[in-house]
Amino acid sequence: MEPIKIFCIAKRIRESNKDMINKIGLMDKDKLMEIFSYLNERLRENQLQLEITVYGESIMTMVYDSRPATKDIDCIFSETNLKLLENILNLTKFAFGLSEGWINEEIKEPLKSILKEDKLVYKTYSNLKILKPKAEQLLAMKVLAARPEPAMDFLDANILCRDLNIKTKERLLEVVSAYIPRSLLGERQIDFIKYLGEDLGYDWE
């Protein structure tokens with residue numbers, strides 16, 4: 001499927017499902033931005049500075065429009081006053097009617113397999129800075145995860161390959177191996193790469 005079509009479909013789904021998203025506690029791009037703005041205000045009131053690195057579904061929702069919304073924010077917090085931060089997160093949960101686990105640091109576990117991190121600034125507020133991994137790192141993490149549906153690793157990897165103009169298996173493996181040890185590329189990851197190439201219109205056997 002052409003990238004423009006993918007983006008258009010994702011946009012239509014996001015718009016048509018907006019009311020439903022709000023009702024069931026999911027977060028679309030607009031809501032995520034509202035939440036970050038709210039967090040910044042509470043941080044300012046408490047004279048705290050915070051950096052958040054956002055991964056997974058949330059960053060694909062915010063940057064690539066690959067899905068209408070996300071159920072949680074996968075992130076890593078910089079060091080800060082944890083007691084104050086926990087209170088701010090609870091205020092945010094109440095103010096926006098969010099579900100349990102709306103924000104979490106479960107991404108820490110897969111990050112243990114990453115050789116390095118390359119981060120870019122996504123948005124800066126007075127007391128909050130939002131960081132995101134480079135597209136290359138995101139792609140490597142999608143290949144490592146290689147989860148079956150309903151996870152959207154395959155669609156995300158397709159979009160990231162197009163964004164990075166990756167057309168060959170060699171180039172993909174070069175990108176992936178910059179972040180993931182090749183020893184971690186097992187049968188699941190290899191099959192994922194082969195099907196990804198086929199979906200992109202290339203023979204990556």
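Yes or no, residue by residue, for (1) surrounded by fewer than 20 Cβ atoms within 10 Å (Cβ to Cβ); (2) more than 18 Å from GLU105 (Cβ to Cβ); (3) of a type outside the set (S, T, N, Q):
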position: MET33; (1), (2), (3): yes, yes, yes
position: LEU39; (1), (2), (3): no, no, yes
position: ASP65; (1), (2), (3): yes, yes, yes
position: PRO68; (1), (2), (3): no, yes, yes
position: LEU84; (1), (2), (3): yes, no, yes
position: ILE88; (1), (2), (3): no, no, yes
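With the structure loaded, tell me whether LEU144 is touching a residue at least 12 places away in the same chain (Cβ under 8 Å) and more than 19 Å from ILE59 (Cβ to Cβ) or whether it fails that test. So LEU144 fails the test.
Among the residues of segment 90-107, the one identified as without any contact (Cβ under 8 Å) to a residue 40 or more places away in the chain, assigned to a helix (DSSP H, G or I) and surrounded by 12 or more Cβ atoms within 10 Å (Cβ to Cβ) is LYS93.
Those helices (runs of 4 or more DSSP H) of segment 1-71 in which at least 1 residues are in the same structural domain as LEU128 (by TED's automatic domain parsing) and modelled with pLDDT of 95 or more, considering only elements entirely within it, cover 29-45. Every condition in (1) assigned by TED's automatic domain parsing to the domain that holds GLN49; (2) in contact (Cβ under 8 Å) with a residue 24 or more places away in the chain is met by THR124 except one, and the failing one is (2). In the set (1) buried (at least 24 other Cβ atoms within 10 Å of the Cβ); (2) within 14 Å of VAL54 (Cα to Cα), ALA140 fails one condition alone, (2).
The values are calculated or read from the model by the stated rules, or taken from the named source; none is laboratory data. These numbers come from a predicted model, not from an experiment. Reconstructed Cβ throughout: ideal geometry from the backbone, glycine too, with neighbour counts over all protein chains shown.
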